[in-house]
C-alpha cells in the first residue's frame, strides 16, 4: 500500500517524481535521529522545510508500548492527521505540505511528513524563562496565559490530547509581540506526533496534559492569580465552581506536576497554587 499527498508548492516541484527516494536521499541538517524517526532541516527553492522520516520502530518497541498501556507511534500519519485537525479547530500549528506512507508492516513501514519552517518564532519556554528577572507587562502575561488555556481547552473539548503538552511546544509568533497585537498573541501548537484523537479524552490523559503545562511553568514566576486565570479560562467557569467541581482533578494535576519536577530536578518545586 502506498499513499502520497502533496500540497502547495511541493505539488509542482515533486510531481511525477519518486518522492520517497527523493526524501531518503535528501541532503540537509539532521536535527533529531531517534527511535526510527529522523527529522531533517533542508532548503528548497529558497525556502526552509523540515522532513520527518519514519522507518519503523520494530516489534519490540511496539510491544513495549502496549505493555506500558501506551499507543505506539508507528509512522507519520498520526502527526499529519493531528496537524490537520488542529487547523480545522481554528488553531495555529505547523503547515504540513507533504505526507507519504509505504508498506503494510507497522514495525517496518516507511512514512514521512514535510512541513514549512515556522520563522520568527520562539518557544514559550524560552520566552518565559526570563520572566522571574524581567517580567512582561501584566496585560501580555495574562494574554499568553489565556491563549495557552484556550488552546488546551479547545483540543480537549474536541477529543484530542497532546501527550507532551509542555510550554516548549507552544511557539510564540514574535511579530505578535508588537504593541497592537500583544493582547492577542499567536501561538503555534507543535510536536503533535504522539497526539491521540478520540470522541472524548479520558481523564488520565487530561491530567497528563494539564500537569505537563503546570510542571513546565513552575520556574517562570507564576503567581496564584496566574494559575487562577488559567483555570477560569480552561474550565470556562467561575473559580468557585472550578474548586467545588474539579477538586479531585486539580489534586491529580498537582501531584503529577510535582512528580515530574522531582524526577527532572531532584527537588521539590515552589508551588504558586496548592
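The values are calculated or read from the model by the stated rules, or taken from the named source; none is laboratory data. The structure presented is a predicted model; accordingly, all values stated were derived computationally and were not measured. Note: ideal-geometry Cβ built from the backbone for every residue, glycine included; neighbour counts use all protein chains shown.
I need a count of the residues in segment 1-41 that are in contact (Cβ under 8 Å) with a residue 24 or more places away in the chain and more than 13 Å from residue 111 (Cα to Cα). Write out each step before concluding.
In the first step, residues of segment 1-41 are kept if they are in contact (Cβ under 8 Å) with a residue 24 or more places away in the chain; the result is 1-10, 13-14, 19-20, 23-24, 26, 35-37, 41.
Still in the list and also more than 13 Å from residue 111 (Cα to Cα): 6-10, 13-14, 26, 35, 41.
Matching residues across segment 1-41 total 10.
So, of the residues in segment 134-162 that are free of Cβ contacts under 8 Å to residues at least 40 places away in the same chain and assigned to a helix (DSSP H, G or I), which turns out to be nearest to the chain's Cα centre (by Cα)? Reasoning before the result, please.
Initially, segment 134-162 is screened for residues free of Cβ contacts under 8 Å to residues at least 40 places away in the same chain, giving 134, 136, 138, 157.
Narrowing further to those that are assigned to a helix (DSSP H, G or I): 138, 157.
Details: 138: 25, 157: 16 Å.
Going through the qualifying residues, I end up with 157.
Within segment 116-133, take every residue that is in a strand (DSSP E or B) and in contact with a helix residue (DSSP H, G or I) (Cβ under 8 Å, 6 or more places away or on another chain) and give me the one that is nearest to residue 167 (Cα to Cα).
Going through the qualifying residues, I end up with 123.
Tell me, which helices (runs of 4 or more DSSP H) lie completely within segment 1-107 with 2 or more residues that are modelled with pLDDT of 90 or more and surrounded by 12 or more Cβ atoms within 10 Å (Cβ to Cβ)?
9-14, 19-24, 77-88
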